[in-house]
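Working notes, structure below.
The values are calculated or read from the model by the stated rules, or taken from the named source; none is laboratory data. All of these numbers come straight from a predicted model, not from anything done at the bench. Virtual Cβ from ideal backbone geometry, glycine too; neighbours counted across all protein chains shown. Just so you know, the surface numbers come from the protein's heavy atoms only, side chains and all, with ligands and any DNA or RNA stripped out. Shrake-Rupley method; radii C 1.70, N 1.55, O 1.52, S 1.80 Å.
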Amino acid sequence: MKEFKIAQPKSLDQVTSLLSQKNTDYALMAGGTDLLDEIKNKIIAPEVVIDLKSVPDLSTIKMDKTHVSIDAMTCVADLAENPIIRENFPVLVEAALSLASPQLRNVGTVGGNLCQRPRCWYYRDPDTICRKKGGSRCFALRGRNRYHAIFGGGMCYIVHPSDLAPALISLDAEITINGLEGKKNILRLEDFFTLPQNNVRKENVLEARQVLSEIRIPLPKNGSKSTYYKFKERGTWDFAVVSAAISGVISGGVFRDIKIVCGGLAPIPWRLKKAEDFIKGKNLTEEVIKQGAKEALTDARPLEENTYKMGLVEAVLYTAISSMI
Amino acid sequence: MEKKDSRYAMEDSNLWYETYASDQTQHSSEALSSDSDKKFKLIGKHIKRIDGKKIVTGKAPFTQDIKLKGMLIGKILRSPHAKAEVLSIKLDVAKSLSGVKAAILMIRGNIQYAGQMVAAVAAVDEKTADKALELIKVEYKPMPFVVIEEKAREEGSPQVHDKRPNVEQRRGYSRGDVEAGFGKADVVIERTYKTAVEIHQTAETHVSIAKWQGERLTIWDSTQAIHSVRDQLAEVLQIPASRIKVIKQYMGGGFGSKLGLNEQTVAASMLAKETNRPVKVMLTRKANSLCVGNRPSTFQTYKGGVKKDGTITALSLLSHTSGGIRGGDRSSEPMIDVHKCENAKVEDYNIYMNTGPSKPTRAPGLVQGTFGLEGFIEELANEIGMDPLEFRKKNYTTKNRGGTGIPYSSKGLDKAYEIGAKQIGWHKRNKVPGEGKGRIRRGIGMAAGIWWGAGSPGTLADVKLHPDGSVEAVCGTQDIGCGTRTHMAIVTAETLGLEPKDITVKLGNSDYPWAPLSGGSLTTPSVAPALRDAALKAAEHLKGMAASKLKVSASSIVCENFTFQEKGNPKNATPFKEVLGDLSHEIVFHGERKGLPEGYAYNTFGAHFAEVEVDTMTGMIKVIKVVAVHDSGRIINKLTAESQVIGGITQGLSTALFEQRIMDNETGRMVNPNLRDYKIATSMDIPEIVPLFVDSVDPRINILGTKGLGEPPRIPASAVIANSVYNAIGIHIREIPMTPDKVLQALKEKEVAR
Ligand SMILES: Cc1cc2nc3c(=O)[nH]c(=O)nc-3n(C[C@H](O)[C@H](O)[C@H](O)COP(=O)(O)OP(=O)(O)OC[C@H]3O[C@@H](n4cnc5c(N)ncnc54)[C@H](O)[C@@H]3O)c2cc1C
């Protein structure tokens, strides 16, 4: 592990002004549960680590007339226990409680969860220089790929590790990014994540000198329902093999509006638009739900060892949706 | 194997068990007087660990906690290549870094697997040692390698060892005439079962501290075998064993990976010699996954013939096994022994590949073999439409070698069947496997297990009495977490009429009287009888002293309730302390675990029963309940015995459902050398576990009639889950771990076949 300096800014402005110093290799640290692992395993070697925990008042959850806003440094456990969140966004609570372990949820933050790096075992092997680390190829493509992507691969076959991201995208969340000189940029979380073909080194559009400060979710419409179902291999402390966040408006046993966003399937949280289109307006029988999944799966390109994820997409959609009716 | 340097030994990882655990009859002596009729006050009860509080409050010093004055931190540089020639190694730059005290070479010859040690450094702290490793420049010339079993078996694959083929025949076995046996059968089937490589995931990674004082070397080691570490290290360092002392007080798990000398102990010793300062070398979780051993993979093809009435006419096994650069495991033992069968044949092959060397892993070979055999037994029973429990009862035998050998000294497997079946509710199972309906299917299954576990004749232990009334129990065994300290206190206290807390237990030091390594379920049946022997001698002596005080003959005196008292007249008593007060100086009584009478087979047995749920949509297996019934002779401490069983089942469940080393064919490296990607069971995966014991006392095995329990609960624990899944969905998943992808695939194939 390379030694690094730690910076402890006292405001977001100080963070951005630290970031504006050129020629220094920075890393932002929230809970540090992922970042420190990357440093210790020699995947990255920043010169300066900016400790966001030293910035006060970055972990509040508030509600106004139209939105609920969540500060980036809110820890996952607090998110799951917050009454506003529990009342309005079951999908988010379920996603939060499904991830990692109680210890990690106490330390890991919402911002860190959205910005965490992939757990692809080739990426995490310090002796393997894959495309994501500046190398010339993806080792998963012809290697060991039981946990890798069946959608959106190509250059790189990681799956996005976050459970909160699919849930938040299904809720139409927006995020605020603070850049240099106090510049703020608001974008849809769905547009935050980006595929390897756009930039294989990154999973999102965050620039090197930017920080994610806040997440905003529109208050649910009447008749809104949401749920998160995560299929993992063991009882706890496991990333999603396949998960689905489903939010929508149900009336008369039919989805008038539906958003399906999956984890474990692609380099970014993956929306199953074809499934949404198929399921919307139909009676929610097992057949309809599974056919919806099948429609979406026509675009899947599984690798040698992960075809089983196709079957799991059907199972996960069916389980999630049938729990909503 | 005991005497050889384990790093270079080529033997099977489980070979020593066979010499150690099964051939002890050669030490045989006169028949032993057994305590089988004794009523005990402590032995067999639930007794809390005497060191329990110390452990759970973090006060027990584990090897990793030990810090010596002036101690340096040693680190090991490892090869990223699976096979390579080392062209050059430059240590100078690392050596010249301030704070670095030594940098030495640890490699001879070529690199044989990724993770193999190349060099070692010692520095004033961890950070400096880490930096030093980065400054060592190694020039490798990568060579062709093979890390996948199927590929190693292919014609023309890169050869792993210069003088051995990648597929090498091992010792086989044969009795009767299998072909004739198949000829007599009504049904003959053949099935192949596979088991993945399992890593010893000890909570405490391997660690050693070495300190030289002139010619004398002291080692603090996280080990299961203080005496073996001493003897093997003496050989490697070419110094007399008498100058080495090995100490181990508390340990966070070994499971076989700490059974003898490990490389970090050698590195620590060499670095300490070079720097003339104590050196600690502790392995990382990653190194722990690569270099300290593993449970070999197996590919077992069984062929079996059976008559309609359930008689097994012949069994054969073709086995391939890989322990990486070292030999694999012999998985044929269950087939050779457990069920009645006149004709049996085994053909066995090692597959060599460029992965870390195997080491015994809790019940080496038997875990894999039981998964194969007991799965096959269920399938055979199903072929003839017989209940698998009835089928096993029908083929029950009280002699070893499938009924063709010598009688077992004791075998309580029949009782285990009875108790277990009742507890699980055997009648609730699907009469036809997979006959249930709906998304979630339930099933009940069982599996039987056999192990050795007689203990080591020649084990020594002392009881020391002090004039102030205090008592020591001393033995050069080690407590690897199973509760050895407590059982030593129990046996001594029981014999002298005291309480466990009154006994000062001393163990974990190779200067103490010899005891075997703690593996192979040897410890309790070795140490407890030796200590009982010593304590009986002490009691005898003290009764003689008490006789004059009580004015009765020594033979009519008993030790009870901290007193020596006249049998049948507890009022005529004198306190234990007072009798010891008459000693003019401390006195020591030597005890020994005597030999085993010839003509009998000494084995432990167990039967597991489980209930599972399978989600046919996701392929997820959920274990609901496991009932384990064991025959381990007399149980010394019920509480720790139950813990042992719960631990074995937890591990067995974990390998049945989750654990597998995953190798990358292209880089030659393990892709999951961490606890995120190498999945072990979590608390959320553990079902209700009911540990039970067949209350039997072996009549001749030793003076306490006790057998081992280290391995037994691990043995049927994976097989029973596979068999329960079979009962639930009607498909036998013949490969562990039974991950959801495999279950889904099997369900799909069944769907297609319909
Ligand atoms: C063993 C294990 C299992 C886990 N399982 C799951 C799981 O099942 N599901 C799941 O969703 N997660 C899982 N996680 C992730 C965990 O939930 C944490 O949320 C996550 O690691 C990041 O949280 P953190 O606050 O510690 O981030 P950090 O480690 O501090 O940061 C992570 C990354 O995000 C960047 N970053 C952090 N905050 C910001 C910000 N505000 N703006 C810009 N960049 C930022 C950092 O620079 C870094 O690159 C697991 C983690 C571990 C270690």
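Structure summary
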| read-out | value |
| --- | --- |
| Accessible-area value, B:V367, 1.4 Å probe, nucleic acids and ligands omitted, Å² | 10 Å² |
| Sum of side-chain charges, B:R441 neighbourhood, beta-carbon under 15 Å (Lys, Arg +1; Asp, Glu -1) | +3 |
| Probe 1.4 Å, accessible area per residue of the range A:224-322, Å² | 36 Å² |
| Phi-based couplings in Hz for the range B:441-456 (Karplus 6.51, -1.76, 1.60; Gly and Pro marked x) | 10, 9, x, 10, x, 8, 7, 9, x, 10, 8, 7, x, 8, x, 9 |
| Ranked order, B:R153, B:R164 - accessible area, probe 1.4 Å, largest first | B:R153, B:R164 |
| Accessible surface of the protein assembly as shown, 1.4 Å probe, proportion on carbon and sulfur as whole % | 50 percent |
| For chain A, built as a Gaussian network whose Cα springs stay under 10 Å, the top-fluctuating residue of A:N204, A:N178, A:N82 | A:N82 |
| Cross-link reach list, aspartates and glutamates versus B:K184, counting only Cα pairs under 19 Å and skipping chain neighbours closer than eight places | B:D309, B:E342, B:E379, B:E383 |
| Trypsin sites (Lys or Arg not before Pro) within the range B:545-625: DSSP coil, no more than 10 neighbouring Cβ in 10 Å | B:K551 |
| In order through the range B:652-659: 3J(HN,Hα) via Karplus (6.51 cos²θ - 1.76 cosθ + 1.60), integer Hz, x for Gly, Pro | x, 5, 4, 6, 5, 10, 10, 6 |
| Within-13-Å neighbourhood charge of A:I61 [Cβ basis; K, R +1; D, E -1] | -4 |
| GluC sites (Glu not before Pro), loop per DSSP, at most 10 other Cβ atoms within 10 Å - longest free stretch of chain B | B:216-754 |
| Residue-averaged 222 nm ellipticity for chain B, from DSSP H runs of 4+ at -39500 (n - 2.57), nearest 500 | -8000 deg cm²/dmol |
| Fraction of antiparallel bridges per DSSP, chain B only, in percent to nearest 5 | 75 percent |
| Helical mean residue ellipticity (222 nm; -39500 (n - 2.57) per DSSP H run of 4+; nearest 500) of chain A | -7500 deg cm²/dmol |
| Spatially proximal aspartates and glutamates relative to B:K286 (Cα-Cα < 12 Å; intrachain offsets below 8 disregarded) | A:D125, B:D677 |
| Members of the range B:599-648 that become less accessible by 30 Å² or more once partner protein chains are added (1.4 angstrom probe, chain alone as reference) | B:M617, B:T618, B:M620 |
| For A:27-37, mean number of other protein chain Cβ atoms within 10 Å | 0 |
| With DNA, RNA and ligands ignored, accessible area of B:S410 (1.4 Å probe; Å², nearest 10) | 20 Å² |
| Relative contact order, percent, the range A:224-322 [alpha-carbon distance under 8 Å, six or more residues apart] | 25 percent |
| Residues losing 30 Å² or more accessible surface upon assembly, the range B:737-754, compared with the chain by itself, 1.4 Å | B:P740, B:D741, B:L744 |
| Flagged links, alpha-carbon separation over 22 Å, of B:K45/B:K248; B:K54/B:K501; B:K393/B:K422 | B:K45/B:K248 |
| Summed buried accessible surface, chains A and B, 1.4 Å probe, nearest 100 Å² | 2900 Å² |
| Surface per residue (accessible, 1.4 Å probe) for the range B:315-443, Å² | 31 Å² |
| Rounded accessible area of B:L583 (nearest 10 Å², 1.4 Å probe) | 20 Å² |
| Listed residues B:H339, B:H590 arranged by accessible area, highest first, probe 1.4 Å | B:H590, B:H339 |
| Accessible area, probe 1.4 Å, largest first, for residues B:L217, B:L747 | B:L747, B:L217 |
| For A:L79, net neighbour charge (Lys/Arg +1, Asp/Glu -1) across residues whose Cβ lies under 15 Å away | -3 |
| Kirkwood Rh in Å, taken over all unlike Cα pairs in chain B | 27.2 Å |
| Entries in B:K303/B:K748; B:K41/B:K411; A:K40/A:K225; B:K39/B:K549 that, when Cα-Cα distance is taken, lie over 31 Å | A:K40/A:K225 |
| Lysines whose Cα lies under 23 Å from that of B:K141, excluding same-chain neighbours fewer than 8 positions away | B:K83, B:K90, B:K151, B:K163 |
| Cα gyration tensor shape of the range B:535-584, rounded if a/c is under 1.5, else prolate or oblate by comparing a/b with b/c | rounded |
| Average Cα contact separation per residue, chain B, under 8 Å, 6 or more apart, as relative contact order % | 18 percent |
| Translational diffusion of the range A:224-322, µm² s⁻¹ [Kirkwood Rh, Cα pairs; Stokes-Einstein; 20 °C; 1.002 mPa s] | 158 µm²/s |
